[in-house]
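The values are calculated or read from the model by the stated rules, or taken from the named source; none is laboratory data. Everything quoted here is computed from the prediction, not taken from an experiment. For neighbour counting, all protein chains shown are included, and Cβ atoms are generated from backbone atoms with ideal geometry for every residue, glycine included. Ligands, DNA and RNA are stripped out before the accessible areas are found, and what is left, the full protein with its side chains, is counted by its heavy atoms. Shrake-Rupley method; radii C 1.70, N 1.55, O 1.52, S 1.80 Å.
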Amino acid sequence: MERTVALAGNPNVGKSSLFNRLTGLRQHTGNWTGKTVETAAGRCGSYRLVDLPGTYSLRPGSAEERVTRDYLLRGEAEAVVVVCDACCLERNLILALQCRALCPRMLVCVNMLDEARRRGLRVDCEALSRGLGLPVIGLSAREKGSRAALIAALDALFEAPPRPADPGKGAEEAEEPCAQRLFEESRRLCRLVLRGEGGAYGPRDARLDRILTGRVWAFPVMLLLLLGICFLTIRGANLPSAWLSRGFASLGGLLRRGFRALGAPAWLEGLLLDGAYGSLSLVTAVMLPPMAIFFPLFSLLEDAGFLPRAAYNLDRPFQACGACGKQGLCMLMGLGCNAVGVTGSRIIASRRERLLAILTNSITPCNGRFPLLIALLGMFFAPAGSSALLSAGLLSLVLCGSAALSLAATALLDRTLLRGESAGFVLELPPYRRPQIGRVLLRSLLDRTLKVLGRAAAVAAPAGALLWLLGRVQTESGSLLTVWAGALDGLGRFFGMDGAILLAFLLGLPANETVLPILLGIYGAAGGEMPEIRAVLLQNGWTSVTALCVLLFTLLHWPCSTTLLTIRRETGSWRWTALAAALPTAMGLVLCAVAAALGK
Amino acid sequence: MTLEKLRPGQRATVLALRLREPLRRRLEDLGLAEGTEIRCLGRSPLGDPAAFLICGSAVALRRADCRRIEVEG
């Protein structure tokens, strides 16, 4: 029979890394507190493992901590493994002590022993086991033998009789303000089992922080990192983009010949090749490379522990807007995917501040909108033949601008709908970790590629086919597409765009990366490489004002459907969801109207 | 004195936390309770928040919250 075992522990003690190592799954990991906000389950030998969000104690503070507490109280897991960071044992043992009162079968896993050794700390696991009256196992989650060792420990745990524990009393005890007693017990245990001086945050971290969060270097370093990532994304995407584009073109030619040889009807060829295949290849060739490069680079920064530093450096403006500094972290996550940014807002304890973070998250352009921004900048704002560095500079500027807009929206909400006091701000600055560069790059490159390809197949290809159909359904005044685009044209022109562009944004609701392919489809063009796309746009009357308005509207319009559903789930209200769509859209339309009026 | 007065590099012992509930609890969970030793690691480039060493890990706190934490240097 399969037995359910829960992994619990303080935030950022390497639970998810351990979980991945044990189950072979690929939960996203990162070096910051609150990375895991949802539970995940996987199989390890004959056990079903559940990875719980990190929690400091069983007294619930924020939403993600409540998840862990409620799960443990329900008693679904037959055993609990409390993962502790060897470098930070004193604080970690408090949770272990609270769980001890609650869980009849419990194992303490002292993780990151290798890291602790490097910092000059030794943990006597046998003494700890005697002191706690619980089985204790020492591990380094990154090492290979850890899986077998943990399974053996679990087997032994289930062979031994369960300890007497009283969940009801344990829960009460956890509620009580008995912090003092637990601290003292934890301190006493640490004196027994710890050898050596040092903690999680060492002199090396302090040295790095003096530079990365220092008065002189903090902002130049952040700007350089941003510029560097943008540069690598733009520069690196050019080649694979061209290859993919050519590959798809020649494969398309082959397919077309195949269709003709088989005598397939013209409508089928049109629907599948011009419609579905055309849209699929455009999303893959133009959109995939920048996404597949940006995301892994960003993961590296995340893995190293840089993101909380960025939030720390930038907290002051958030304070001025009545927001929690952790909103900065959510915005950074939003650069990858807004749905992730919205879910990530669970690290914010106060409901008001969390709503601020959720409602403004989609103003940060997600990975799916990057390629469109890059394409627009490259085609209309960087002069032909200029270096990728200029485009990267422009993209960095756009990103800084989006952050400013996001803050402005936050300030607006703070002074109108979401008035209230600051609930206080506590942010952990984790020790820097050398990211496992090869692994992180490869894994997130692969993940991202598969995800984008999956979405291209699931969304872009059907959308392409549908578009082709809509382009063929004739009414008295032209095809359905032209009729719709025509109906929106007046509105679009007022905002510096045209009907086709608005229609493309509307039809692109399921996935932002499909907006450009859809637009080209409405214009009746197949697309291809950048110069061809630019020619199509110019033919359809684009000017640099059009491009600017599309750029603004790309930053500021409704979130994609996935994000909207996530906002609904996180806020539990369609009204907040509607506001999350209306707010950026209204801002975008105002800015576009101003730009269009000035452009004339 | 209160925690906001602590200069980078200085140490102090916590005397009292005069904070509202969720925040007080969160800080206690992080190991910041009466009697804990705390060290100021530095200030963020814009001057606020500041980072403190609590129980071996670095934690950032805003000035407004530090004003409500009584320490003895």
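When the stretch A:34-63 is filtered for residues that are within 14 Å of chain B (Cβ to nearest Cβ) and at pLDDT below 80, the ones remaining, listed by number, are A:GLY34, A:ARG59, A:PRO60, A:GLY61, A:SER62, A:ALA63. Does A:GLY486 fit the bill of being surrounded by 15 or more Cβ atoms within 10 Å (Cβ to Cβ) and either modelled with pLDDT of 90 or more or more than 18 Å from A:SER299 (Cβ to Cβ) (or both)? Yes, satisfied.
Of the residues making up the stretch A:107-140, those that are open to solvent by less than 50 Å² (accessible area, probe 1.4 Å), under 12 Å from A:VAL81 (Cβ atoms) and part of a loop (DSSP other than H, G, I, E, B) are A:LEU134, A:LEU139.
Candidates are the residues of the stretch A:458-481 that are in contact (Cβ under 8 Å) with a residue 24 or more places away in the chain and open to solvent by 60 Å² or more (accessible area, probe 1.4 Å); the one that is farthest from A:GLY275 (Cα to Cα) is A:ARG472.
Contact annotation: residue pairs with Cβ atoms under 6 Å, 6 or more positions apart or on different chains, pairing a residue in the stretch A:407-436 that is within 14 Å of another protein chain (Cβ to nearest Cβ) and farther than 17 Å from A:GLU115 by Cα with a partner that is open to solvent by 10 Å² or more (accessible area, probe 1.4 Å) and among the polar types (S, T, N, Q), are A:ALA423/A:SER350; A:GLU428/A:THR33. Selection within the stretch B:56-73: residues that are within 9 Å of chain A (Cβ to nearest Cβ) and at pLDDT below 90. The member of this set that is farthest from A:ALA323 (Cα to Cα) is B:GLY56.
In the stretch A:399-455, the qualifying residues are those that are among the basic types (Lys, Arg) and open to solvent by 40 Å² or more (accessible area, probe 1.4 Å), and the one that is nearest to A:ALA511 (Cα to Cα) is A:ARG455. Picking from residues in the stretch A:190-212 that are aliphatic (A, V, I, L, M) and touching a Leu at 6+ places or on another chain (Cβ under 8 Å), the one that is nearest to the other protein chains (Cβ to nearest Cβ) is A:ALA206. Within the stretch A:556-584, the set of residues being within 19 Å of A:LEU507 (Cβ to Cβ) and in contact with a helix residue (DSSP H, G or I) (Cβ under 9 Å, 6 or more places away or on another chain) comprises A:LEU556, A:HIS557, A:TRP558, A:PRO559, A:CYS560, A:THR562, A:THR563, A:LEU564, A:LEU565, A:ALA581, A:PRO584. Residues of the stretch A:92-101 that are closer than 16 Å to A:PRO162 by Cα and open to solvent by 10 Å² or more (accessible area, probe 1.4 Å): A:ARG100, A:ALA101. Cβ separations smaller than 8 Å between residues 6+ apart or across chains give the following pairs from the stretch A:235-247 residues that are free of Cβ contacts under 8 Å to residues at least 60 places away in the same chain to residues that are among the hydroxyl-bearing types (Ser, Thr, Tyr) and surrounded by 14 or more Cβ atoms within 10 Å (Cβ to Cβ): A:LEU244/A:SER281; A:LEU244/A:THR284. Considering every residue within the stretch A:249-263, establish whether at least one is open to solvent by 30 Å² or more (accessible area, probe 1.4 Å) and outside any helix (DSSP H, G or I). The answer is yes, given that some residue of the stretch A:249-263 is open to solvent by 30 Å² or more (accessible area, probe 1.4 Å) and outside any helix (DSSP H, G or I). Within the stretch B:35-50, being in contact with a Leu (Cβ under 7 Å, 6 or more places away or on another chain), within 14 Å of A:ARG210 (Cα to Cα) and either at the interface with chain A (Cβ under 7 Å from one of its Cβ atoms) or open to solvent by 10 Å² or more (accessible area, probe 1.4 Å) (or both) holds for one residue alone: B:LEU41. Please verify whether the stretch A:93-100 includes one or more residues that are within 14 Å of chain B (Cβ to nearest Cβ), β-branched (Val, Ile, Thr), out of contact with any strand residue (DSSP E or B) (no Cβ under 9 Å at 6 or more places or on another chain) and over 23 Å from A:ALA41 (Cα atoms). The answer is yes; a qualifying residue exists. Of the helices (runs of 4 or more DSSP H) lying entirely inside the stretch A:343-435, the ones with 3 or more residues being hydroxyl-bearing (Ser, Thr, Tyr) and either in the same structural domain as A:LEU579 (by TED's automatic domain parsing) or in contact with a strand residue (DSSP E or B) (Cβ under 8 Å, 6 or more places away or on another chain) (or both) are found at A:388-415.
Identify, from the list A:LEU288, A:LEU329, the residue that is within 20 Å of the chain's Cα centre (by Cα) and either surrounded by fewer than 21 Cβ atoms within 10 Å (Cβ to Cβ) or within 14 Å of chain B (Cβ to nearest Cβ) (or both). So the residue among A:LEU288, A:LEU329 that is within 20 Å of the chain's Cα centre (by Cα) and either surrounded by fewer than 21 Cβ atoms within 10 Å (Cβ to Cβ) or within 14 Å of chain B (Cβ to nearest Cβ) (or both) is A:LEU329.
From B:LEU32, B:LEU17, B:LEU53, grab the single residue that is more than 7 Å from chain A (Cβ to nearest Cβ) and under 20 Å from A:ALA86 (Cα atoms). None of the other options fit; the residue is B:LEU32. Of the residues making up the stretch A:194-212, those that are at pLDDT 90 or above and not acidic (Asp, Glu) are A:ALA206, A:ARG207, A:LEU208, A:ARG210, A:ILE211, A:LEU212.
Quick one: which of A:LEU73, A:LEU89 is part of a helix (DSSP H, G or I), modelled with pLDDT of 80 or more, in contact with a helix residue (DSSP H, G or I) (Cβ under 7 Å, 6 or more places away or on another chain) and more than 30 Å from A:ARG195 (Cα to Cα)?
One residue alone meets the criteria, A:LEU73.
Considering B:LEU3, B:LEU17, B:LEU53, the condition of being open to solvent by 20 Å² or more (accessible area, probe 1.4 Å) and not β-branched (Val, Ile, Thr) is satisfied by B:LEU53 alone.
Go through the residues of the stretch A:160-183 one by one and say whether even a single one is modelled with pLDDT of 90 or more, part of a helix (DSSP H, G or I), under 26 Å from A:SER16 (Cβ atoms) and open to solvent by less than 20 Å² (accessible area, probe 1.4 Å). The answer is no; no qualifying residue exists.
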